[in-house]
Amino acid sequence: MPVITNIADLKDLHRRRTPKMFYDYAESGSYTEQTFRENTTDFEKLRLRQKVAVDMSGRTTESEMIGRKVAMPVALAPVGLTGMQRADGEIKAARAAEKFGVPFTLSTMSICSIEDVAAHTTKPFWFQLYVMRDWEFVEAILERARKAGCDALVLTLDLQILGQRHKDLKNGLSAPPKMTLPTMINLATKWQWGLEMLATKRRFFGNIVGHAKGVGDASSLFSWTAEQFDPKLDWDKIARIRDMWGGKLILKGVLDEEDARICADFGADALIVSNHGGRQLDGALSSIRMLPRIVRAVGKDIEVHMDSGIRSGQDVLKALALGAKGTYIGRAFIYGLGAMGEEGVTKALEVIQKELDISMALCGERDVKELRHENLLVPADFEGDWV
Ligand code: GLV
């Protein structure tokens, strides 16, 4: 059993144990990957302010996200094709999150279906929706999420059209993988992955296949998004979905103060400052860089969450200190899943919690809810002067 001390260790194992096609899918940004890179390098520009001789006993990382108690304010982000990183991946990740005490968000583009994840967990999870052209499908999937007990809807706003990720096209990404010669050669070195995949029935987009009409190639994320995602999504349609859902609503993919203001006035429970992990608009600023402005603009009126770029507890600390009430990890838990299944997701959460706890102590803080701007050293030009 390898000694895992940080998220990079899990990433290394994920790369070695998972077919290239799926590792690349997780590890890509769109186009030049500038935004993907800056999501992490911008975190490095922020420094932590060390404080000494402060009582550090009785620390807690517990908090709340949209009224739900969390062991730490770090939810699992919706990630498409999670069940291709490891057999039954969504079920494994949801179970790890449940045991740890953080929310799990199931993607519309998951391999395990809503019903399947519900059957293998005991606490409510969150459901992420992509808005489709087919309103019957949207209505039906919301009903399925409600029946499965999902207690929040995470509505993604920044992927009505897919940003191009070069590696996915070159690898011929699909779920399940098509057996081309390069794929077969690569799979031959991933025998554990293959054996587990052979032993499960869950190898297709479980929320889609058998539920949606008129799908050309149901194994391809590209065809599905191009054919089915609604390019006319606007605030009227978002209001229609809010009314159809009737429960807690989190708007994901906000990177602009004006859009954030609309989300706040709209009455959503939270918004997520996000550039989709750098997978959509390449050239957009990093989420951590946009976070302070959005918090200043709307932080009093709506709960602000953030994702994109978090790979450590120190990153979580920085996001919270800049005003986020909650954060999400995507790749960081996927590395754990690809490396070691459910145990790996738990490990990723443990690593992040421990880093958060110890760094918080060294900053002279005992309660994650008390983190604030003064815990950081922020370079004067961090936000940038953009015209
Ligand atoms: C969404 O599903 C993505 O591939 O980023």
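Each value in this text was obtained by applying a stated rule to the coordinates, not by laboratory testing. These figures come from a predicted structure and were not determined experimentally. Methodologically, a virtual Cβ is constructed for each residue, glycine included, from the backbone with ideal geometry; neighbour enumeration extends over all protein chains shown.
Points to keep in mind about this one:
- The chain, helix-only ellipticity at 222 nm - DSSP H runs n ≥ 4, -39,500 (n - 2.57), divided by all residues, nearest 500: -13000 deg cm²/dmol
- Straight-distance crosslink candidates among aspartates and glutamates, where the alpha carbon sits under 13 Å from LYS147 and sequence neighbours closer than 8 are dropped: GLU115, ASP116, GLU139
- Within the same chain, aspartates and glutamates fewer than 8 places from LYS45 are excluded, and of the rest, those with a Cα less than 13 Å from its Cα are ASP315, ASP381, GLU383.
- For the chain, a crude dipole built from +1 on the beta carbon of Lys and Arg and -1 on the beta carbon of Asp and Glu, taken about the Cα centre, is about 1000 debye to the nearest 20.
- Charge-dipole axis of segment 1-101 as Lys and Arg at +1 and Asp and Glu at -1 on Cβ define it, positive-most pick from THR60, ILE7, TYR25: THR60
- Ranked list, fewest to most other Cβ atoms within 10 Å of each Cβ, for GLU136, GLU365: GLU136, GLU365
- The order of the peptides 241-247, 72-78 by mean Cβ neighbours within 10 Å, most packed first, is 72-78, 241-247.
- Centroid-to-centroid, using Cα positions, segment 42-116 and segment 302-354 are 5 Å apart.
- With a simple spin-label model that places each label point 7 Å from the Cα along the Cα-to-Cβ direction, the separation between LYS178 and THR5 comes to 4.5 nm.
- Restricting attention to segment 221-360, the count of lysine pairs at 8 or more positions apart or across chains with alpha carbons under 28 Å apart stands at 20.
- Set of lysines near LYS178 by C-alpha distance (under 29 Å), chain-local residues within fewer than 8 positions excluded: LYS11, LYS20, LYS92, LYS167, LYS170, LYS190, LYS201, LYS213
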